[in-house]
Amino acid sequence: MNFFVRSFSRSVIIVLMTLKGFGANAQSTVIPIETKNNAIVLRVGDDKRLSMVYFGGKLANNTEYAAVPKVTKQDKYDNVYNSAYTTSGTHNLLEPAIEVTHADGNKSLELQYVDHTVTKINDDVSLLSIRLKDSLYNFEVTLNYQTYYNENVTEQWSVITHHEKKDVVLNKYASANLYIQADSYWLNHYHGEWAQEMRAEEEQLNHGIKTLDSKLGSRADIFQPPVFMVSLNKPAGEDEGLVLYGNLEWSGNFRIDLEVDPTNNLRLIAGMNNYAANYTLKAGVAFETPKFVYTLSDKGKGEASRNLQSWARKYKVLDGQGPRLTLLNNWESTYFDFNNDKLSALLKDTKDLGVDLFLLDDGWFGNKYPRNGDHAGLGDWEVNKAKLPLGIPFLTKTAKQNGVKFGIWVEPEMVNPKSELYEKHPDWVVKQPNRPEFYMRNQLVLDLSNPAVQNFVFGVVDKLFVENPELAYIKWDCNALMYNAYSPYQKNQGNFYTDYVRGLYSVLDRLRAKYPKVPMMLCSGGGGRVDYGALKYFTEFWPSDNTEPIERVFIQWEYSYFYPALTSSNHVTDWGKQPIKFRTDVAMMGKLGFDIVVSKLKPEELAYCQGALKTYKEFSEAIWHGEQYRLQDPKTNDVASIMYVDSAKNNAIMFNYLVNQRYQAGSHLPIRMKGLQEDKMYEVSEVNMMPGHNSSFATATYSGKFLMTVGLNPDARSGRNSVLIAVRGK
Ligand code: GLA
């Protein structure tokens with residue numbers, strides 16, 4: 001008997017089905033997991049093993065999923081290579097999704113299907129939970145697939161529990177195990193370093209395992225972020241090709257294995273990294289893995305990114321559908337050297353510039369060990385009396401007088417050895433007890449797996465809010481990797497990496513319970529921590545300390561595949577030799593901020609910035625909440641071109657940046673726009689020009705069809721190295 005569950009039938013509000021009792025027929029249970037365009041099909045075999053037999057376009061008739069043939073050529077591999085959650089120590093000899101040591105020391109696991117339930121959370125969101133159990137050990141795994149129907153996005157995670165007589169050790173515990181069939185697989189992944197974030201590489205996957213991972217503990221993404229794309233059959237383009245995007249929602253060590261198996265199919269296993277992390281799990285305690293989020297598009301990278309961006313705005317990023325604050329940051333204009341007078345002047349500059357908020361960066365704290373450089377004071381979150389004798393209240397008051405908001409920088413997870421905190425609580429610090437300390441940026445990481453440290457970190461931020469109710473923004477930094485990973489608190493060191501991140505999330509949960517909406521920037525010495533696990537608590541992230549604008553075009557471009565524009569904090573700074581217009585135009589393709597000496601701007605430069613903020617305001621709805629379309633890639637063109645269209649398809653803005661400095665580089669041909677309404681008329685004109693400059697681009701009115709079929713040449717070239725085109729519906 002075939003038993004189909006119309007799991008994601010949109011007409012049904014709540015479907016809760018348990019298939020217990022169908023054990024005798026379980027061999028033919030087929031479980032389709034559908035979104036608007038895609039389907040994953042799971043099947044329970046006659047051995048009760050759960051396998052993934054299909055991942056691709058949704059079929060019109062879902063009863064046909066039962067006809068999906070076996071996915072491996074040899075019967076003996078069916079339900080093994082394509083296991084929906086590969087176990088170890090029994091029949092499987094490939095890379096497992098889960099590996100355990102039972103209470104009696106045995107290392108075998110065989111998971112069999114028990115039952116499944118489908119919960120319709122709302123019209124768009126459904127949760128399928130499948131229970132699997134070992135027949136010999138009291139050990140259970142629930143696989144969860146939460147689908148976002150309209151966004152074509154799935155989040156997958158597992159929950160592991162046992163009721164064995166003693167503790168069980170989890171040696172590996174993936175979030176998701178996918179099985180994909182295609183002729184070939186093209187992996188696009190990223191590597192980086194400080195100021196070199198998000199460098200893309202694409203390669204065809206061969207047989208064997210390609211692993212993307214991090215073992216850095218905190219600031220986990222600095223060498224490699226947990227985001228990737230896999231094009232199926234051939235490398236996908238912006239608007240064509242079949243492509244899967246994946247991203248692990250976890251702010252710690254991750255591991256993503258991509259294995260072309262002996263039958264030429266792709267096994268994908270994603271989760272927390274099990275490196276030095278054998279997790280001791282008590283009986284009856286549920287171990288929940290982070291979510292692995294993915295989307296599949298048959299219309300190329302552009303659609304896949306819009307799927308993910310719209311999911312993120314709606315369901316993941318804090319206040320993803322809300323506004324963002326423009327700001328002036330003082331990091332690059334003062335570094336650690338400021339006082340009341342300097343900051344008062346900067347607060348006035350904030351007002352003159354016309355941004356919403358002033359952000360006070362590092363250096364405002366520490367007395368016994370003043371924070372006058374990065375070598376001391378971190379951890380001592382008392383206002384530095386020499387620099388700021390009137391405290392933070394004076395600054396919030398001055399901000400108010402200037403009609404702007406006030407925000408502040410913290411790095412509460414870290415400590416300088418030269419600090420009162422370190423002197424008082426050496427047992428709160430992550431370090432090997434008998435080995436020399438090893439620093440990054442002269443600092444060490446606090447042991448957030450310890451509840452006392454969690455309370456301290458919560459207290460640091462809470463106190464700031466309690467004492468300064470006007471505080472309107474936090475920049476939360478995290479500048480060190482976890483060397484010498486050892487927790488004085490943990491009995492089982494294998495639990496440390498996991499419990500550190502859980503400790504961090506628990507602090508953030510508490511903060512968000514008390515301060516649900518205050519915008520916070522996720523920063524980590526640049527982009528060392530950018531992931532959806534953290535973005536649940538943050539409104540935006542800092543992509544890189546590298547703010548040289550040509551570099552930024554590339555960095556922001558690559559992040560844009562995975563994260564919506566309103567989450568990318570782009571600050572105009574004095575890095576590089578490009579004029580203020582180019583720097584500002586580049587920062588405007590995300591969340592705009594400044595970190596410049598406003599008082600040193602020439603009058604026409606200040607006027608330009610003020611005008612740019614007005615342009616930004618006019619198009620912020622399109623940039624923050626609209627659809628993003630990549631028109632020309634900076635990696636293969638002289639001019640990078642990207643546009644944003646608001647949801648009504650009424651207002652759009654096109655950014656064009658010259659990224660090649662060679663002779664005669666520029667946009668010589670029309671660039672076709674995307675995302676407009678074909679039969680609607682739009683007036684196009686250049687905006688954001690320096691005062692007194694005329695445009696070589698003629699204002700005119702065209703149909704959407706014309707703009708998308710013929711296109712327009714923005715005339716970006718040397719002397720016009722950034723061109724912003726407003727597209728206003730008539
Ligand atoms: C990190 C951040 C910078 C700045 C400094 C302050 O490097 O990325 O933006 O906040 O810390 O020390």
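The values are calculated or read from the model by the stated rules, or taken from the named source; none is laboratory data. Only a predicted model underlies this, so the values are computations on that prediction, with no experimental measurement involved. Note that we place each Cβ from the backbone using ideal geometry, even for glycine, and neighbour counts take in every protein chain shown. Just so you know, the surface numbers come from the protein's heavy atoms only, side chains and all, with ligands and any DNA or RNA stripped out. Shrake-Rupley method; radii C 1.70, N 1.55, O 1.52, S 1.80 Å.
Side notes on the structure shown:
- Relative frequency of Cα-Cα separations exceeding 22 Å in region 532-688, percent: 42
- Once both labels are positioned 7 Å from their Cα atoms along Cα-to-Cβ, the gap between Phe438 and Glu202 label points is 3.7 nm.
- Among beta bridges that DSSP assigns inside region 311-429, antiparallel share in %, nearest 5: 10
- Sequentially through region 225-232, phi angles give Karplus couplings (6.51, -1.76, 1.60; θ = phi - 60°) of x, x, 10, 6, 10, 10, 7, 9 Hz, Gly and Pro residues having no value and appearing as x.
- Label-to-label distance, nm, for residues given as Ser108 and Ser695 (7 Å Cα→Cβ offset): 7.3
- Per-residue ³J(HN,Hα) for region 180-197, Karplus 6.51 cos²θ - 1.76 cosθ + 1.60, θ = phi - 60°, Hz, x for Gly and Pro: 10, 10, 7, 6, 8, 10, 10, 8, 10, 9, 10, 9, x, 7, 4, 6, 10, 5
- Solvent-accessible heavy-atom area per residue, rounded to whole Å², over region 231-306 at 1.4 Å: 27
- The slack between Asn492 and Asp298, meaning 0.36 nm per residue of separation minus the straight C-alpha distance, is 65.3 nm.
- Hydrodynamic radius of region 510-581 per Kirkwood, over alpha carbon pairs, in Å: 13.1
- Helical segments meeting 15 Å axial Cα length and Kyte-Doolittle -0.5 threshold in the chain (DSSP H): 391-401, 451-467, 496-514, 549-560
- For the pair Ser506 and Asn484, label points projected 7 Å from Cα toward Cβ lie 2.5 nm apart.
- For region 480-520, radius of gyration divided by Kirkwood radius, i.e. Rg to Rh on alpha-carbons: 1.12
- Rg/Rh (Cα only; Kirkwood hydrodynamic radius) as it applies to region 639-687: 1.04
- Centroid-to-centroid separation of region 482-506 and region 338-352 [C-alpha atoms, Å]: 41
- Loop-located trypsin sites (Lys or Arg not before Pro) in region 259-315 (DSSP state other than H, G, I, E, B) with a sparse environment of at most 14 neighbouring Cβ atoms within 10 Å: Lys282.
- Euclidean distance between Cα centres, region 589-628 to region 267-337, Å: 27
- Overall Cα dimensions of region 171-255, principal axis frame, Å, largest first: 37, 34, 22
- One way to sum up the overall shape of region 32-156 is the equivalent ellipsoid from its Cα gyration tensor, whose semi-axes run 27, 18, 11 Å, largest first.
- In terms of distances greater than 23 angstrom between alpha carbons, the cross-link table entries Lys234/Lys299; Lys299/Lys705; Lys215/Lys591 yield Lys215/Lys591.
- Its Cα gyration tensor gives region 223-269 an equivalent ellipsoid. The semi-axes, each the square root of 5 times an eigenvalue, are 21, 17, 7 Å from largest down.
- Cα-only Debye scattering, region 639-730: base-10 log of I(q)/I(0) at q = 0.13, 0.17, 0.22 Å⁻¹: -0.40, -0.68, -1.07
- Note that region 338-449 presents 41 Å² accessible area per residue, ligands and nucleic acids not counted, probe 1.4 Å.
- Structure-based [θ]222 nm, the chain - -39500 (n - 2.57) summed over DSSP H runs of at least 4, per residue, nearest 500: -5500 deg cm²/dmol
- Sorted from greatest to least, the principal axis extents spanned by the alpha carbons of region 427-526 come out as 45, 27, 20 Å.
- Compactness of region 484-605, expressed as Rg and Dmax over alpha-carbon positions, Å: 18.0, 63
- Three principal axis extents of region 179-328 based on alpha-carbon atoms, in descending order, are 46, 41, 34 Å.
- Each listed q (0.16, 0.20, 0.24 Å⁻¹) maps to a log10 I(q)/I(0) for region 325-380, found by the Debye formula over equal Cα scatterers with no solvent: -0.51, -0.72, -0.90.
- FRET efficiency for Gln664 and Thr63, using Cβ-Cβ distance with R0 set to 60 Å, rounded to 0.05: 0.50
- Protein heavy-atom accessible surface, 1.4 Å probe, per residue over region 641-721: 49 Å².
- Within the chain, percent of DSSP bridges classed antiparallel, to nearest 5: 80
- Given their separation in residues at 0.36 nm each and the Cα-Cα distance between them, Gln610 and Phe394 gain 75.1 nm when the chain is fully extended.
- At 1.567 mPa s and 4 °C, Stokes diffusion of the chain via Kirkwood alpha-carbon radius, µm² per second: 48
- Cα-Cα over 26 Å, subset of Lys602/Lys730; Lys405/Lys600; Lys348/Lys475; Lys316/Lys514; Lys614/Lys730; Lys397/Lys514: Lys602/Lys730
- Equivalent ellipsoid semi-axes, region 102-220, via Cα gyration tensor eigenvalues times 5, rooted, Å: 31, 23, 16
- Gap separating the Cα centres of region 112-133 and region 676-728, nearest whole Å: 49
- Cα convex hull volume per residue for region 239-330 (Å³): 220
- Once the convex hull of all Cα atoms in region 339-440 is built, its volume per residue stands at 103 Å³.
- Accessible-area composition of the chain, carbon plus sulfur, in percent [1.4 Å probe]: 51
- Between the beta carbons of Asp427 and Asn367, assuming R0 = 22 Å, the FRET efficiency works out to 0.45 to the nearest 0.05.
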